[in-house]
2 protein chains.
Amino acid sequence: MPTRIVELRQGVLNKNDQLARALRERFTREGTLVINLVSSPGTGKTLLLEQTLRRLVGAGTRAGALVGDLETDNDARRLAASGAPVRQINTHGRCHLEAEMIGQHLDAWQAGPFDVLFIENVGNLVCPSSYDLGEHHRVVLLSVTEGEDKPLKYPTIFNSADVAVITKYDLAAACEFDDAAAMASIHAVRPGMRILRTSARSAPGLDAWMAWIDERLGRVIVPAP
Amino acid sequence: MPTRIVELRQGVLNKNDQLARALRERFTREGTLVINLVSSPGTGKTLLLEQTLRRLVGAGTRAGALVGDLETDNDARRLAASGAPVRQINTHGRCHLEAEMIGQHLDAWQAGPFDVLFIENVGNLVCPSSYDLGEHHRVVLLSVTEGEDKPLKYPTIFNSADVAVITKYDLAAACEFDDAAAMASIHAVRPGMRILRTSARSAPGLDAWMAWIDERLGRVIVPAP
């Protein structure tokens, strides 16, 4: 690849990093915990988010979501049924969200303040890893149907995330999913990474995920003196 | 996005298109049918390719594969068990294959001639759609676990493909997969597109897929006078 392009790309990333840093400061100042969900297309980000928003809204937490997709507002319409404010970001062919899009949509959105704001990234295991969106935590999803070696094949996105959620766990047996192999792959890329397991059809995994969010919310909303 | 970057990207694409055109002419001249497989990570490209190579090699067809991944040579090692020559292309962070990579790896590879050469692209539903690799046919895979509306959300890759293969069909019932909805999504993006259905655990779908390849092979190897 020609040097000029690499330099320009570097410039774009630096600008993104600066915008992301400013966003994170703003979120922290406003007491909003921000969580960026990344994964392949079809891993179940939207379903996890739907269940999460329902629980948070039901518990009186002010939760919202920004949802990225190349086209369609299917996800935003689906998520709005949770009762939480949701806004769709269409990237029109761009394969990831950038900090500038987050800032622009927040400014144009008559919603909030939020205790917790989720960002559902475009389904892509590569490019979103390079774009900080100002989030406090990045969560990578991996479904049992995808193959246990995905973390080794897409190391950057697993390495840049704080937590891994293994989804569709109810299909683990049908897919002959090897949990130990998946854990080994994740920990080879990011030693000691926290791993949660969820399923659309059973609650225990979701309880652990909600507990993880609650713990983070406590830290943001009740800061140490 | 600044104008300069758009222009540069356009320039990169034009260069790629020129290289791809030259590759396609070369493949046609040498009597090699080239098929580019694209999909999300974990849709089952490697498994389909493994089964396909075994069958082709078993039938005496000279088949080979170039396999793209960000990191690891897991797929090439797995595919080599089929008996076909296989070469791994590591993109080291790039989210798609480009025509230049195909040309360089072909030149450095002591293999062939092939009746059919498969290219397994990096798992990504966005960027590979913009990069012609000199293939004769582009095949997009969609697994029943991914959601029926993926073609609407990632229209370019479905629109730029010639055939859609719905994989993991043995999990369709467990996933409550809605075949009619998936077909409607695919045909909304690309009316009349040929759709095949495969499963790792049953042969009928694979038979239809092999018949499709045989038909294409016939056309390339025995060109009309």
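Table: residues versus (1) assigned to a helix (DSSP H, G or I); (2) out of contact with any Phe, Trp or Tyr (no Cβ under 6 Å at 6 or more places or on another chain).
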residue: B:VAL57; (1), (2): yes, yes
residue: B:GLY64; (1), (2): no, no
residue: B:THR72; (1), (2): no, yes
residue: B:ILE89; (1), (2): no, yes
residue: B:GLY103; (1), (2): yes, yes
residue: B:GLN110; (1), (2): no, yes
residue: B:PRO113; (1), (2): no, yes
residue: B:ILE119; (1), (2): no, yes
Index of the failed condition, B:ALA173 passing every other in (1) in contact (Cβ under 8 Å) with a residue 12 or more places away in the chain; (2) within 13 Å of another protein chain (Cβ to nearest Cβ): (1)
Conditions (1) more than 14 Å from every other protein chain (Cβ to nearest Cβ); (2) over 16 Å from the mean Cα position of the chain (by Cα); number of the one not met by A:ARG94: (1)
Of all residues making up segment B:130-162, the number that are on the phi > 0 side of the Ramachandran plot and within 12 Å of another protein chain (Cβ to nearest Cβ): 1
Selection from segment A:100-114 of residues that are more than 14 Å from chain B (Cβ to nearest Cβ) and open to solvent by 20 Å² or more (accessible area, probe 1.4 Å): A:HIS105, A:LEU106, A:ASP107, A:ALA108, A:TRP109, A:GLN110, A:ALA111, A:GLY112, A:PRO113
Residue within segment A:135-148 that is touching a residue at least 40 places away in the same chain (Cβ under 8 Å), touching a Gly at 6+ places or on another chain (Cβ under 6 Å) and either open to solvent by 10 Å² or more (accessible area, probe 1.4 Å) or over 30 Å from A:GLU71 (Cα atoms) (or both) present: yes
Segment A:20-51, residues that are within 14 Å of chain B (Cβ to nearest Cβ) and surrounded by 20 or more Cβ atoms within 10 Å (Cβ to Cβ): A:VAL38, A:SER39, A:SER40, A:PRO41, A:GLY42, A:THR43, A:GLY44, A:LYS45, A:THR46, A:LEU48, A:LEU49, A:GLU50
Members of segment A:52-78 that are of a type in the set (A, V, I, L, M), buried (at least 20 other Cβ atoms within 10 Å of the Cβ) and away from chain B (no Cβ under 14 Å): A:LEU53, A:LEU56, A:ALA63, A:ALA65, A:LEU66
Qualifying position, being polar (S, T, N, Q) and in contact (Cβ under 8 Å) with a residue 60 or more places away in the chain, among A:SER82, A:SER160, A:SER129: A:SER129
Residue in segment A:200-220 that is most open to solvent (accessible area, probe 1.4 Å), counting only those that are more than 12 Å from chain B (Cβ to nearest Cβ) and under 27 Å from B:SER143 (Cα atoms): A:PRO204
Answer from B:VAL122, B:VAL165 - the residue that is closer than 25 Å to A:LYS45 by Cβ and within 10 Å of chain A (Cβ to nearest Cβ): B:VAL122
Residue that is most open to solvent (accessible area, probe 1.4 Å), among those in segment A:156-195 that are in a loop (DSSP other than H, G, I, E, B) and under 20 Å from A:HIS137 (Cα atoms): A:PRO191
B:VAL86 more than 14 Å from chain A (Cβ to nearest Cβ) and β-branched (Val, Ile, Thr): yes
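The values are calculated or read from the model by the stated rules, or taken from the named source; none is laboratory data. Only a predicted model underlies this, so the values are computations on that prediction, with no experimental measurement involved. Virtual Cβ from ideal backbone geometry, glycine too; neighbours counted across all protein chains shown. Please note that ligands, DNA and RNA were not included when accessible areas were found on the heavy atoms of the full protein model with its side chains. Shrake-Rupley method; radii C 1.70, N 1.55, O 1.52, S 1.80 Å.
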